[in-house]
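Asker: Next up is a structure, given as structure tokens.
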């Protein structure tokens, strides 16, 4: 009884059975009374019972009529139930055939075959299900593509510092390079680069699993954002980009982890720097609205097209552009949104289109 095909057939049979029983009961109750009423209008002959017949003959005719009606109803009900069962089997086969196609497609998706489309059945509801499965396959294919690309990028990021470290160490062993503070400092820099990459990947995992460690204190979100943005001013000056920091009119008291919030602002300003050409401007604004502390990072750079805007927070996704594609692993915004949501806030993006710049807004609930 747990199979859909059996349930569909049984449901058709039950509908036919209930209809047949209702028809039988109503006709069985009304037919004799209607028969008696019609016999009263038959001309009476010889002073006998209804229709000129004796009482015994009238009752016998009445019983025969009722028996004939009962037999006809039983035969009709049986035929109706059989027809309903046959139609139920036919309808169930059509539905199950369409569902089987979707089931096969989902098994292919589970096996990693994302390029096999599901044919859309004629039934509207099943066609919508097939379209959803096809959309799921397309999204999984894109995610897999980004995952493979990320693995290649991580391998590249690992290869470069490891090559430098290996070269310096081998040269020192061979006596080609002296074991000087400068050479050791170069090895230390490459080691820190490896550590940062590992920390980013670890932060991504924790953000997606909701396991980010937060040191919550009372802080001024505006001041935290201003300090984080000012730390990137030298990079903005080197890139020829004007960095405008607009502090809040009043303190924005929030319960947060200042280091994590600074991490979000640093990531947003860093992305804006990569998206803005020399001569452009980046604005960092802090304000309050509707019980929320808002930190806005806007630029007049390459902007985002609507499809990019919908995917910019997905892990491993990187926006292509003149400068933004040169660095970044595509996980910074994913981590930043995870940090915002861990604080009970949100991180959103807006853009008027390509070439129109972009604005990212971090919102945090104000402390009451």
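Asker: In the stretch 276-315, which residues are closer than 16 Å to residue 239 by Cβ, touching a strand residue (DSSP E or B) at 6+ places or on another chain (Cβ under 6 Å) and buried (at least 17 other Cβ atoms within 10 Å of the Cβ)?
Answerer: Across the stretch 276-315, the qualifying residues are 276, 282, 283, 284, 297, 299, 300.
Asker: Something else: Please go through the stretch 105-127 and give me each residue that is surrounded by fewer than 12 Cβ atoms within 10 Å (Cβ to Cβ) and either part of a helix (DSSP H, G or I) or within 17 Å of the chain's Cα centre (by Cα) (or both), ordered by number. Give the derivation first.
Answerer: Of the residues in the stretch 105-127, the ones surrounded by fewer than 12 Cβ atoms within 10 Å (Cβ to Cβ) are 107, 110-112, 115, 119, 122, 124-125.
107, 110, 124, 125 - these are the residues of the stretch 105-127 that are surrounded by fewer than 12 Cβ atoms within 10 Å (Cβ to Cβ) and either part of a helix (DSSP H, G or I) or within 17 Å of the chain's Cα centre (by Cα) (or both).
Asker: Of the residues 182, 144, only one is in a helix (DSSP H, G or I) and free of Cβ contacts under 8 Å to residues at least 24 places away in the same chain; which? Step through it out loud before you land on a result.
Answerer: Values: 144 fails: free of Cβ contacts under 8 Å to residues at least 24 places away in the same chain.
Within the list 182, 144, the selection yields 182.
Asker: Given the residues 95, 164, 154, which is the only one that is surrounded by 12 or more Cβ atoms within 10 Å (Cβ to Cβ) and over 30 Å from residue 190 (Cα atoms)?
Answerer: That would be 95, the only listed residue that is surrounded by 12 or more Cβ atoms within 10 Å (Cβ to Cβ) and over 30 Å from residue 190 (Cα atoms).
Asker: Further, regarding this structure: So, in the stretch 230-269, exactly how many residues are free of Cβ contacts under 8 Å to residues at least 60 places away in the same chain and either outside any helix (DSSP H, G or I) or touching a strand residue (DSSP E or B) at 6+ places or on another chain (Cβ under 7 Å) (or both)?
Answerer: The qualifying residues number 20.
Computed from the coordinates by the stated procedures, all read-outs in this text should not be read as laboratory data. Since the model is a prediction, treat every value here as computed from it, not as a measurement. Virtual Cβ from ideal backbone geometry, glycine too; neighbours counted across all protein chains shown.
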